[in-house]
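Note sheet for the following structure.
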Amino acid sequence: MWLYEKKLQYPVRVSNPDSKMAKYIYTQFGGPNGELGAAVRYLSQRYTMPTGRGKGVLTDIGTEELAHWEMIATMVYKLTKGASITDIKQAGLGSHYAIWDSGIFPGDSNGVPFTTAYINVMGDPIADLHEDMAAEQKARATYENLIRLTDDVDLMDGLKFLREREVVHFQRFGETLDYIQGYMDSKKAF
Amino acid sequence: MVKQNMNPLQTVQELEFALVELNLYLDTHPNDQNALAAFNDFASRYATARATYEAQYGPLANFGNSGPTASWTWIDEPWPWEI
Ligand SMILES: [Fe+2]
């Protein structure tokens with residue numbers, strides 16, 4: 001069961017509408033290293049974790065990623081709110097508008113639809129946790145790219161928060177990997 | 001850490017952030033008694049801050065998790081992305 005909380009995890013502010021920046025940020029909504037992929041990856045992998053610690057970490061981080069997904073949608077929503085057709089065309093979002101109007105569609109910055117091919121669920125806890133650690137680093141790098149693409153300090157504040165969360169998640173996944181590695185070694189019978 | 005003059009939403013978000021951090025930390029350090037004590041301290045302050053917020057702005061959680069309600073304000077705008 002999941003509950004919805006009628007608030008963002010962290011405030012999302014933008015100084016000015018900026019459709020071009022919205023297009024770039026889309027990649028964290030439905031792109032290869034985005035928050036939707038993160039949530040689906042972790043929440044799908046948890047069923048085959050061998051220990052409560054693995055199940056708990058994936059449940060909690062997967063749930064937090066859904067809150068980040070909502071923050072990203074909020075950034076896109078606020079950056080494109082009230083945009084004129086001219087703004088949309090100049091930002092390169094004309095094709096997005098043709099297909100999805102102002103709908104916030106889970107795709108990447110180029111409008112390529114989200115696919116679960118971006119994630120893996122191996123069932124092998126060691127392989128899965130390694131993927132999760134790599135995924136956090138890729139998301140961290142993506143946020144750094146996005147931060148470099150804007151000079152809006154308000155928007156940057158939200159992006160920096162999300163970047164920082166990836167660093168913390170990487171740390172927690174690393175600790176979980178160490179623990180589960182030890183657990184599995186202790187279970188091995190020769 | 002959490003100042004008195006903040007708006008109720010910010011207070012809830014700050015306390016929740018501390019709890020998210022401590023929760024993830026405790027997931028991988030379940031025997032850390034200091035972290036557990038901090039978690040419990042924040043959790044009780046969080047309950048108070050949520051009640052303060054909800055008295056002013058309506059329920060934070062759906063499906064009955066914000067308790068009984070005199071009128072149905074769950075659907076009231078603004079939604080989080082509109083604030
Ligand atoms: Fe993450």
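The values are calculated or read from the model by the stated rules, or taken from the named source; none is laboratory data. Bear in mind that the values here come from a model prediction, so they are computed numbers and not experimental data. Note that each Cβ is placed from the backbone with ideal geometry, even for glycine, and that neighbours are counted across all protein chains shown. Heads up: the accessible areas ignore ligands, DNA and RNA and are worked out on the full protein's heavy atoms, side chains in. Shrake-Rupley method; radii C 1.70, N 1.55, O 1.52, S 1.80 Å.
Evaluate the following for A:Gly92: is it over 21 Å from the mean Cα position of the chain (by Cα), within 11 Å of chain B (Cβ to nearest Cβ) and open to solvent by 20 Å² or more (accessible area, probe 1.4 Å)?
no
Looking at the stretch A:148-166, I want the residues that are within 14 Å of chain B (Cβ to nearest Cβ) and have a partner that is of a type in the set (A, V, I, L, M, F, W, C) and within 16 Å of the ligand (Cβ to nearest atom) with Cβ atoms under 6 Å, at least 6 apart or on another chain. Which pairs are those?
Close Cβ pairs satisfying both conditions: A:Glu166/A:Ala139.
Is it true that some residue in the stretch A:67-81 is more than 14 Å from the ligand (Cβ to nearest atom), open to solvent by 50 Å² or more (accessible area, probe 1.4 Å) and on the phi < 0 side of the Ramachandran plot?
Within the stretch A:67-81 (the criterion being more than 14 Å from the ligand (Cβ to nearest atom), open to solvent by 50 Å² or more (accessible area, probe 1.4 Å) and on the phi < 0 side of the Ramachandran plot), the answer is yes, since at least one residue qualifies.
Considering B:Tyr57, B:Tyr25, which residue is in contact (Cβ under 8 Å) with a residue 24 or more places away in the chain and either farther than 21 Å from A:Phe161 by Cβ or more than 14 Å from the chain's Cα centre (by Cα) (or both)?
None of the others qualify; the one that does is B:Tyr57.
So in the stretch A:19-39, with the set limited to residues that are out of contact with any Gly (no Cβ under 8 Å at 6 or more places or on another chain) and open to solvent by 30 Å² or more (accessible area, probe 1.4 Å), which one is farthest from the other protein chains (Cβ to nearest Cβ)?
Here the answer is A:Pro32.
List the pairs whose first member sits in the stretch A:46-62 and is away from every other protein chain (no Cβ under 12 Å), whose second member is of a type in the set (Val, Ile, Thr) and crowded, with 19+ Cβ neighbours inside 10 Å, and whose Cβ atoms are under 7 Å apart, counting only residues at least 6 apart or on separate chains?
A:Pro50/A:Ile180
Tell me, yes or no, whether the stretch B:67-82 has at least one residue that is facing chain A (nearest Cβ under 8 Å), modelled with pLDDT of 95 or more, under 13 Å from the mean Cα position of the chain (by Cα) and open to solvent by less than 60 Å² (accessible area, probe 1.4 Å).
No, the stretch B:67-82 contains no residue that is facing chain A (nearest Cβ under 8 Å), modelled with pLDDT of 95 or more, under 13 Å from the mean Cα position of the chain (by Cα) and open to solvent by less than 60 Å² (accessible area, probe 1.4 Å).
Going by what's in this entry, would A:Phe105 be described as away from the ligand (no atom under 16 Å from the Cβ), in contact with a strand residue (DSSP E or B) (Cβ under 7 Å, 6 or more places away or on another chain) and not aliphatic (A, V, I, L, M)?
Spelling it out, it is not the case that A:Phe105 is away from the ligand (no atom under 16 Å from the Cβ), in contact with a strand residue (DSSP E or B) (Cβ under 7 Å, 6 or more places away or on another chain) and not aliphatic (A, V, I, L, M).
Just a yes or no: is a residue in the stretch B:47-61 open to solvent by 70 Å² or more (accessible area, probe 1.4 Å) and under 30 Å from A:Phe173 (Cβ atoms)?
no
Any idea how many residues of the stretch A:109-146 are of a type outside the set (A, V, I, L, M), part of a helix (DSSP H, G or I) and under 24 Å from A:Ala73 (Cα atoms)?
11
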